[in-house]
Structures are given as structure tokens and as C-alpha cells.
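These notes are about the structure you will find just below.
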Amino acid sequence: MQVGFFFWPYTLDLCEQLAERADRYGYAMIGIADTPGNAMDPWVSAAMVARVARRARVALCVTNLITRHPAISAAAIASLDHISNGRAVLGIGAGHSGTKNVGLPKSRANELAEGVTFIKTLLQGAPATLRGASAHLPWIKRAPPVFLAASHPQPLQAAGRTADGVFANYGLAADNIRDSRAHIAAGAKAAGRAGDDIEIWQIAALDCNEDRNAARNKVGAMLAFLAGYVIGDKIWRRVACPSRCVRRCSNCAGATARGRVKPTSGWSKSSACSIICRAGCRSAAIRRIVSRRRSPRKSQAPSG
């Protein structure tokens, strides 16, 4: 098993320190997140990290197909691969905070598949066309791997069809991992690909700290961020959130994903519960969500 981490590049010192520690402690991958308005430019930061870290792979974890044209991202990851002596990984995702912060929509699963295919073709040195726009990057000598980040069944299947690897953000319980792998395998099978050739990284939210409460609060902040796009807007009715709170919960989740709301303490139940609590219905939300979580869940079968 390999272990890596990703972070938001808030400062130059943070980038340099984490890059040095990635090598010192044997992390296999260090990823740089792309959220405009929250931190430094991810490509500049990734180049800095690649010059400091000498062993860990350096990933864009993740960027999107909207705020930069995919051909530009293809050229950028090939450049980063050259700087890092073949250690670069391009992670592509739907967008979420990376697009929402600049008022743009996220990509759908079929658009992600098309974009990944377009980028991979360019990285092989061949010309490619995406939605009527053609590009060619003949100077590329090596094709770095292209991963697709996915939190739902359709994007996971799209990753299985098209990507070299997957950043799966589907949960770490045994059934979550089993289901995420099943969706990826279904996509690979539909495309006639060998599922074993697809590299899968499971995403976790964690914080290491000698102070347990401090670590729990940091994890809570991460879960609130993830809730803005993993849980989505439909969760509130599925977890029986009171109707008077649905709008406030949805607005709160969106603001959290954009980095505009600072999370509070008390994250022991779930990220959904945390956001609902801040809408003013803490006790009712806890009772209902805990009840839902304790009830037997049916595994979600892959489609297609």
C-alpha cells in the first residue's frame, strides 16, 4: 500500500516544508489542490514542490476542465513531468470549488470522460479535437498518467473507461471501497479495458495531531468542505432534515465548499450533521442522521 497527501498551497513556506517532509517520511505522492481564491496557483506551487521533493510523485489533485482549456493543462502537466524527472500526475475532477469560486459550472461524467481522452491523446503526441477545438503538442516526449477524481457512480465508471488512475472519494468503509472498485471495474469492462491496469487511490480526510480534539476539529473542517460536493444538495431530504432548514443547509454547504464559511466544532456524527447543526436544528438532526446511519444500507450495484 502507498500513502500520499494533498494540500492547498497557501504559502511558499508551506509548499517547501511539505515537499521536504514528503521525502523525509517516505510519502509516495504529494498533491496540490486547485481552488481559485483560496490559495496560490496550483501549477506554480506544483513546480515549486517538484524542485524540492526528489522522490515523491507530484500530482495536481485536482484541477478541472473548465477554468483552463484541457490542452493548456496537458501542456502544463507535460512541463511539470519534465521538471520532476517523470514524477508528475494530472488529476482531473468535475470542478466543484475550483469552478464555483469563479462562477462556472462543473463538468458532467460524460464531459470528464471526453476531456480525459482528449488530454491523453495530446500527451501521446497526437493531434486531438474536443468540442470543435483542435490541438497538437508534438514536443512532448513522455505521457504522464491522467487520473480522474470521482465521488459518485457515473464519474467512477467514466474513470474506469478512460483514465490511467482514479482518486476515489467514495468512503473508506469496506462496502464503500468494494462499491467504488465495482463501479470502476464496470466502466473498464464496458470499454474493453483491464481493470487491473487502473491505479486506484482512496481519498481520506484525516489530521495528525497530538491533541485529539484539535485533530477532530481539523477533520471536521475537511468533512464540511467535502460535504459541499460529495453529499450534494439532495442529501438534506434523504436524511430527513426539517423542511425549514433545507435551504439554509444547502446554502451553508455551498459556502463551505467555496471556503467562505469557517467550520465550527462538534463534528463527531457526520459532515452532514455538522452543517445541519449550524442551520439551527442540532438535536433533531443528530437523532435523525444517527438513526439513518445505523439502519442497514444496501450496496449500490454498478450500472452499465
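Numbers for the structure displayed
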{"read-out": "Test result for R131, of a type outside the set (S, T, Y), more than 23 Å from the chain's Cα centre (by Cα), closer than 28 Å to R21 by Cα and in the same structural domain as V62 (by TED's automatic domain parsing)", "value": "no"}
{"read-out": "Answer residue from segment 45-73, given it is surrounded by fewer than 23 Cβ atoms within 10 Å (Cβ to Cβ) and not charged (D, E, K, R) and is nearest to S107 (Cα to Cα) among those", "value": "I66"}
{"read-out": "Which listed residue, of A39, A33, is out of contact with any helix residue (DSSP H, G or I) (no Cβ under 7 Å at 6 or more places or on another chain), more than 26 Å from W139 (Cα to Cα) and among the small types (G, A, S)", "value": "A39"}
{"read-out": "Residue list for segment 35-53, restricted to those being modelled with pLDDT of 95 or more and outside any helix (DSSP H, G or I)", "value": "M40, D41, A53"}
{"read-out": "Any hit, segment 105-122, residues being under 14 Å from the mean Cα position of the chain (by Cα) and on the phi > 0 side of the Ramachandran plot", "value": "no"}
{"read-out": "In segment 144-161, the residues that are surrounded by fewer than 24 Cβ atoms within 10 Å (Cβ to Cβ) and of a type in the set (S, T, N, Q)", "value": "S151, Q154"}
{"read-out": "Residues satisfying the stated conditions in segment 194-208, i.e. crowded, with 16+ Cβ neighbours inside 10 Å and part of a loop (DSSP other than H, G, I, E, B)", "value": "I198, I203, A205"}
{"read-out": "Selection count, segment 50-66, where residues are without any contact (Cβ under 8 Å) to a residue 60 or more places away in the chain and out of contact with any Asp or Glu (no Cβ under 8 Å at 6 or more places or on another chain)", "value": "5"}
{"read-out": "Condition met for D23 (of a type outside the set (G, A, S), outside any strand (DSSP E or B) and more than 17 Å from S84 (Cβ to Cβ))", "value": "no"}
{"read-out": "Given (1) among the hydrophobic types (A, V, I, L, M, F, W, C); (2) out of contact with any Leu (no Cβ under 9 Å at 6 or more places or on another chain); (3) part of a helix (DSSP H, G or I), number of the condition I184 does not satisfy", "value": "(2)"}
{"read-out": "Yes/no for D179 being charged (D, E, K, R) and farther than 11 Å from V116 by Cβ", "value": "yes"}
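The values are calculated or read from the model by the stated rules, or taken from the named source; none is laboratory data. All of these numbers come straight from a predicted model, not from anything done at the bench. Reconstructed Cβ throughout: ideal geometry from the backbone, glycine too, with neighbour counts over all protein chains shown.
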